[in-house]
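**Student:** What follows is a single structure, and I will ask about it in a moment.
Please treat every number below as a calculation from the coordinates, not as lab data. Just so it is clear, the structure is predicted and the values come from calculations on it, not from any experiment. Cβ: placed from backbone, ideal geometry, glycine included. Neighbour counts: every protein chain shown.
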Amino acid sequence: MRITVFGIFAAVACVCAARNVSGVVTDEAKNPVAFVNVMLMNDSTFIDGKVTDDNGAFFFENADASANNVRVKMTGYEETVLPIPADGNFRTISLTPAAVKLGEVIVKSDVPTTRIKGNALVTRVENSILATAGSANDVLKNIPMVTGDDGNFSVFGRGNAIIYINGRLVRSANDIGMPSSRDIKEIQVITNPGARYGADVNAVIRIVTKKPAGDGFSITASTENRYNKWLTTEEQFNLKYRTQGLEIFGTGYFNYGKKDHDEHSESTNYGKSLFESISYLSLPYTQTNITGKIGFNYQFNENHSIGAYYLTDYYRERYFGYRSNDITENGELYESSWSDVKAWSKTLPCHSANIYYNGTVGKFTFDFNGDYLQTKNNDRSYQYEHNRFYENRNVTTFNTTRNRLFAEKTTVSYDLPKGNILIGQEYTNSRSCNDFSNPENILSSELSDVRESNIGLFAEISRTFGEFSATAGVRYEHVKSNYYQNDRLMQEQSKTYDNIFPSANLTWSRGDFRFSLSYSNRISRPGYSSLSGNYHYVNSIRYTRGNPFLKPEKRQDFTVQASWKYITFSAQYTYTKDVITQIYEPYERDEKISVFTLTNTPNKKLFSIFLNASPKFGIYRPSLSLGMRKQWFGINYRDGYKKFNSPFCTIQVRNTFTLPHDWVIEASLWWRSRGNWTNWVYTHTLSTVDVRVYKMFLKKSLTVYLSANDIFNGLIDKADIYSGNIRMQTYVNNHKRHIRLTVRYNFNTSRSRYKGKGAGQSEKDRL
């Protein structure tokens with residue numbers, strides 16, 4: 001009897017014993033799918049829920065014994081209900097795409113728009129309307145919090161972003177136009193970068209493309225022609241060949257066109273005398289850009305790959321225009337001049353190379369990148385100044401800048417049961433030499449040379465605890481910077497820094513809702529051009545120069561983010577010390593002359609919030625973004641202290657219509673209110689209205705785009721500037737209104753297997 005009772009209790013215990021339930025969710029192409037809702041069920045009764053990670057994996061630890069099936073749901077795919085296997089391991093669950101019939105149109109439903117993953121906002125591009133947008137450039141314009149164009153993008157509240165494509169740092173803006181939108185899987189926007197990134201990185205945009213499939217040739221070719229007042233043409237050709245584990249790739253890029261730059265300014269100098277000036281500059285220019293890139297990568301197997309590439313880039317700008325100046329002293333005409341302005345800027349072939357190794361052994365992953373960069377820029381300017389009251393003046397300047405950089409970065413990561421630990425080091429060695437001369441001796445000639453090395457050590461650990469995931473990291477940097485002037489070491493301008501930068505992130509997920517908290521300690525070092533002490537001539541009473549005594553900015557960033565279905569929210573607070581600020585100060589040789597330069601001011605506080613909603617109604621997909629940014633900042637102005645605390649707001653509305661026969665119509669509005677955009681500048685209202693229509697042919701291999709940008713000519717910069725004893729009003733028109741015709745052809749396209757991540761990006765940005 002005792003044995004029987006014991007056996008019954010043992011059987012019950014075995015039945016009721018908890019078990020783990022796990023698996024990997026993939027799409028129809030067997031690619032892992034992130035952000036899929038997986039629900040643990042007892043028949044139709046909900047028990048627990050999880051969301052798949054980046055690898056498509058889900059895991060229920062000690063799942064309720066009453067659970068007998070799982071329900072898998074994701075927008076764009078059929079709902080799947082499966083019984084739980086005896087061992088609890090599903091291995092792989094494959095999703096089936098859902099088709100939604102809209103009248104006579106059949107389109108795939110969009111996958112979820114933007115969600116939080118750690119400290120990143122992740123937007124799914126694959127199987128959405130964004131997959132037909134054109135290039136990566138076109139996709140980024142439609143990502144929440146991202147603004148910019150032509151390879152140069154910034155993140156709202158954070159500033160300029162560095163960009164990765166499949167883990168590889170992008171060094172040329174042209175590279176952003178190379179990936180086709182149809183090959184992009186997702187876009188990750190990191191507003192508060194962790195320890196693995198350089199301490200002076202403001203924001204990171206990561207472009208992840210789809211897994212390559214098949215061997216043979218693949219081709220992407222595009223031609224783009226823009227017309228406003230002048231015609232600009234842009235041609236691009238990408239070629240890949242894959243066989244087994246070997247991939248060889250090459251890219252050619254050509255751009256030629258003419259643009260306009262018009263600038264009107266009025267300034268008042270409240271010094272010993274009252275100087276008022278009105279200046280107008282008209283500076284049309286032509287630009288030519290030729291880029292070539294070749295490389296290879298070889299994948300020995302799924303765990304080991306090597307690769308290298310070489311890139312050369314040639315760029316030239318030619319300016320031919322005029323400048324007029326009318327200057328009064330205490331109400332009397334002091335100077336009236338008209339100048340011919342000619343300038344040439346030439347970047348001799350820039351040489352850039354990368355070599356990498358990526359490998360996995362057991363739970364260890366190794367990644368090594370070595371980078372080399374060499375550039376030479378020749379700048380010449382001629383200003384022939386015709387003056388009504390004084391002798392005519394010629395101002396000629398020659399400026400040659402040579403940059404060289406070597407960088408390497410190594411990381412080792414180890415997989416933990418519910419997380420990952422990563423350690424690494426990064427080393428950069430750079431040199432920037434600037435040779436400036438003015439034959440007329442109006443300005444001082446100077447040879448400056450900055451030699452800098454940076455050693456960085458970093459570590460990060462990531463863990464998952466049920467509905468919570470956390471990442472903590474720390475980065476140490478040792479920077480030694482030597483400043484040479486006319487071949488003599490300047491001790492006061494030379495600096496050595498030792499800094500520690502902690503970072504942390506905590507994320508909570510439940511169903512469709514995700515919430516994230518992030519913190520990081522960061523630094524912003526001035527660019528090498530900002531450290532140059534050379535004076536540059538504007539007119540007889542205004543010069544510009546850098547400042548070799550600048551200190552880096554130090555800041556603390558706090559970020560709160562949340563997402564629910566098609567709604568995302570972000571709030572950021574930043575406290576910055578030693579803020580690099582542009583100011584006016586008297587010229588050391590003549591107090592009548594003001595010098596536009598840079599200095600450090602004590603501190604600045606910045607708060608920003610951003611809200612985006614991107615629902616979908618049949619063939620219509622709207623997207624509404626609202627942003628607000630407010631700073632607390634002030635500088636000395638006219639023997640007092642002026643605050644620049646006015647907030648500004650942004651509104652962006654995008655409308656996309658998917659029509660029958662592969663037609664798409666896009667219409668967007670962007671508006672920014674007046675307010676203090678940055679530091680000491682008060683900006684006026686900006687706006688743009690854009691419309692684009694495109695049609696796909698040949699089974700969507702060929703796409704023709706026609707667009708009209710800035711239809712109402714609202715992108716004219718107007719600003720009020722206050723500094724020292726000077727108040728200035730500026731009006732800048734770069735004539736951004738244009739029409740554009742683009743044709744893109746894709747044949748057998750797939751993403752590159754190149755896994756080089758690059759090194760020394762922060763130093764490259766400063767060169």
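**Student:** Only four residue types carry charge here, +1 at the Cβ of Lys and Arg and -1 at the Cβ of Asp and Glu. Report the dipole size of region 507-582 about the Cα centre in Debye, rounded to the nearest 20.
**Tutor:** 80 debye
**Student:** If you don't mind, another one. Which of K718, K643 has the fewest other C-beta atoms within 10 Å, and how do the rest follow up to the most? Before the final figure, lay out the partial values.
**Tutor:** Working: K718 16, K643 12.
By the 10 Å Cβ count, ascending, the order reads K643, K718.
**Student:** A follow-up question, please. Projecting each Cα onto the charge dipole of region 216-766 (Lys/Arg +1, Asp/Glu -1 at the beta carbon, about the Cα centre), which of T328, F610, H351 comes out farthest on the positive side?
**Tutor:** Projecting each Cα onto the dipole axis, the largest value belongs to F610.
**Student:** To check you understand DSSP bridge types, tell me what percent of the beta bridges within the chain (both residues inside) are antiparallel, rounded to 5. The partial results should precede the final answer.
**Tutor:** Values: 407 of 420 bridges.
Looking only at bridges with both residues in the chain, the antiparallel portion is about 95 percent.
**Student:** Go through K73/K565; K616/K699; K418/K565 and tell me which ones have a Cα-Cα distance over 22 Å in this structure.
**Tutor:** On the way: K73/K565 13 Å; K616/K699 25 Å; K418/K565 26 Å.
From K73/K565; K616/K699; K418/K565, over 22 Å: K616/K699; K418/K565.
**Student:** Let me ask another. What do you get for the angle between helix 2-16 and the principal long axis of the chain? Use alpha-carbon atoms, 0 to 90 degrees, nearest ten.
**Tutor:** 30 degrees
**Student:** How large is the dipole of the chain about the Cα centre if only Lys and Arg carry +1 and Asp and Glu carry -1, each at its Cβ, rounded to the nearest 20 debye? Please report the intermediate quantities before stating the final value.
**Tutor:** Working: 92 positive and 75 negative charges, 222 e Å.
Roughly 1060 debye for the chain.
**Student:** If the cut-off is 15 Å between C-alpha atoms, which aspartates and glutamates fall inside it for K643, apart from same-chain ones fewer than 8 positions away?
**Tutor:** Within reach: D720.
**Student:** Hey, what do the phi angles of region 631-638 turn into as Karplus ³J(HN,Hα) couplings, whole Hz, using 6.51/-1.76/1.60 and θ = phi - 60°, x for Gly and Pro?
**Tutor:** 10, 10, 7, x, 9, 6, 8, 6
**Student:** Now a separate question. Match the structure shown to one of the listed values [x] 168; [y] 200; [z] 357 of volume of the Cα convex hull per residue in Å³, computed from it, and give that label.
**Tutor:** Identified label for the calculated read-out: [x].
**Student:** Compute the Cα gyration tensor for region 302-461, then decide on rounded, prolate or oblate, letting a ≥ b ≥ c be the square roots of its eigenvalues: rounded whenever a/c is under 1.5, prolate when a/b is larger than b/c in the other cases, and oblate in all that remain.
**Tutor:** Prolate, since a/c reaches 1.5 and a/b exceeds b/c.
**Student:** Strictly over 22 Å apart at the Cα level, which of K592/K718; K695/K736; K240/K700 would you flag in this model?
**Tutor:** Values: K592/K718 26 Å; K695/K736 24 Å; K240/K700 20 Å.
Pairs exceeding 22 Å: K592/K718; K695/K736.
**Student:** A further question follows. Can you give the extra length, in nm with one decimal, that the chain gains between D215 and N600 once fully stretched, where that is 0.36 nm per residue apart less the Cα-Cα distance?
**Tutor:** Details: separation 385, 0.36 × 385 = 138.60 nm, distance 5.55 nm.
Computed gain between D215 and N600 is 133.1 nm.
**Student:** Taking K117 as the anchor, which aspartates and glutamates have their alpha carbon closer than 14 Å to its alpha carbon, excluding any fewer than eight residues away along the same chain?
**Tutor:** D53, D54, E186, E467, D512
**Student:** Can you pull the one-decimal nm distance between simple spin-label points at F398 and Y587, each 7 Å off the Cα toward Cβ?
**Tutor:** 2.2 nm
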